[in-house]
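Here is the structure we will look at, set down as structure tokens.
Read-outs: derived from the displayed coordinates by stated rules, not from any lab. The structure displayed is predicted, hence computed values, not measured ones. Note that we place each Cβ from the backbone using ideal geometry, even for glycine, and neighbour counts take in every protein chain shown.
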Amino acid sequence: MDSVLLLNADYTPLSVLGWQRAVNLLLDEKANVVVEYAGRVIRSQSFDLPWPAVVALHRYRKHSERVRFNRISVIARDSASCQYCGVTPRGRNGRLAIDELTLDHVVPRARAVDGRVRLPWSGRRVPVTSWENVVIACEPCNHRKADRLPEEAGMTLRRPPHRPSSREILHANLLRARIPEEWRMFLPEATLPQS
């Protein structure tokens with residue numbers, strides 16, 4: 001329940017934030033609290049703040065389709081599952097064991113020429129570390145594949161990697177999250193997990 005739903009100024013969902021980032025937006029007067037978690041308060045020496053569940057930006061932010069390439073976004077795009085064996089590592093508490101997920105270069109870095117590789121499925125040349133050449137892999141699969149192509153290691157890629165849209169990342173994050181009741185009225189039915 002520490003996550004906060006961020007809405008644009010028109011109240012369309014933008015992303016899921018940690019509560020600390022949401023509080024920073026509030027203190028910087030870039031957002032306001034739309035809905036709070038009942039009975040929860042963030043306390044500091046100088047103030048008490050209702051715990052935000054949903055915040056909205058004051059100014060409309062143009063919706064960018066470009067998603068920044070980073071580990072967390074790749075995990076979201078790949079639904080936190082190994083793109084070779086399909087496993088989603090879980091800890092003893094049943095929560096996602098994010099530290100057991102690795103980034104794997106489908107076409108290994110060792111095969112790069114001038115920082116670029118040729119993708120076997122499309123023939124395109126792309127930067128070695130890019131949306132189109134990196135997937136999530138569990139540690140055993142990453143070790144097994146090593147510096148080979150998947151087919152050379154006797155492995156099959158579940159789907160070719162691609163550049164996701166910001167809406168795809170938001171949808172993936174919402175599917176993995178336990179959706180608080182406070183968020184539901186702001187989310188399109190299609191983004192809600194099926195019960």
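Brief remarks follow.
- Pairs of Cα atoms nearer than 8 Å and 6+ residues apart set the relative contact order; for the stretch 71-153 it is 34 percent.
- Dipole moment magnitude, nearest 20 debye, the stretch 71-153 about Cα centre, only Lys, Arg, Asp, Glu C-beta charged: 120
- Viscosity 1.306 mPa s, temperature 10 °C, Stokes-Einstein D of the stretch 46-157 from Kirkwood C-alpha radius, µm²/s: 97
- Amide proton proximity set for Trp51, modelled H, under 5 Å, gap of 5+: Tyr37, Arg40, Val41, Ile42
- Size of charge dipole - the chain - debye, nearest 20, with Cβ of Lys, Arg +1 and Asp, Glu -1, no other charges: 600
- Estimated distance in nm for a label pair at Arg109 and Ile72, the labels positioned 7 Å out from Cα along Cα-to-Cβ: 2.3
- On the beta carbon distance between Leu49 and Ala153, with R0 = 30 Å, the FRET formula returns roughly 0.05.
- A dipole drawn for the chain from +1 and -1 charges on Cβ atoms has a positive end, and of Gly94, Val134, Tyr60 the residue lying farthest that way is Val134.
- Ranked Ser73, Ser165, Ser44, criterion: other C-beta atoms within 10 Å, fewest first: Ser44, Ser165, Ser73
- Mean separation of Cα contacts under 8 Å, 6 or more apart, over the residue count of the chain: relative contact order %: 21
- GNM top mover of His162, His171, His63 - the chain, alpha-carbon springs below 10 Å: His63
- Options Ser73, Ala112, Leu149, ranked by Cα towards positive dipole end of the stretch 71-153, top entry (Cβ charges): Ser73
- Kirkwood-type radius of the chain, with distances r between different C-alpha atoms, in Å: 18.8
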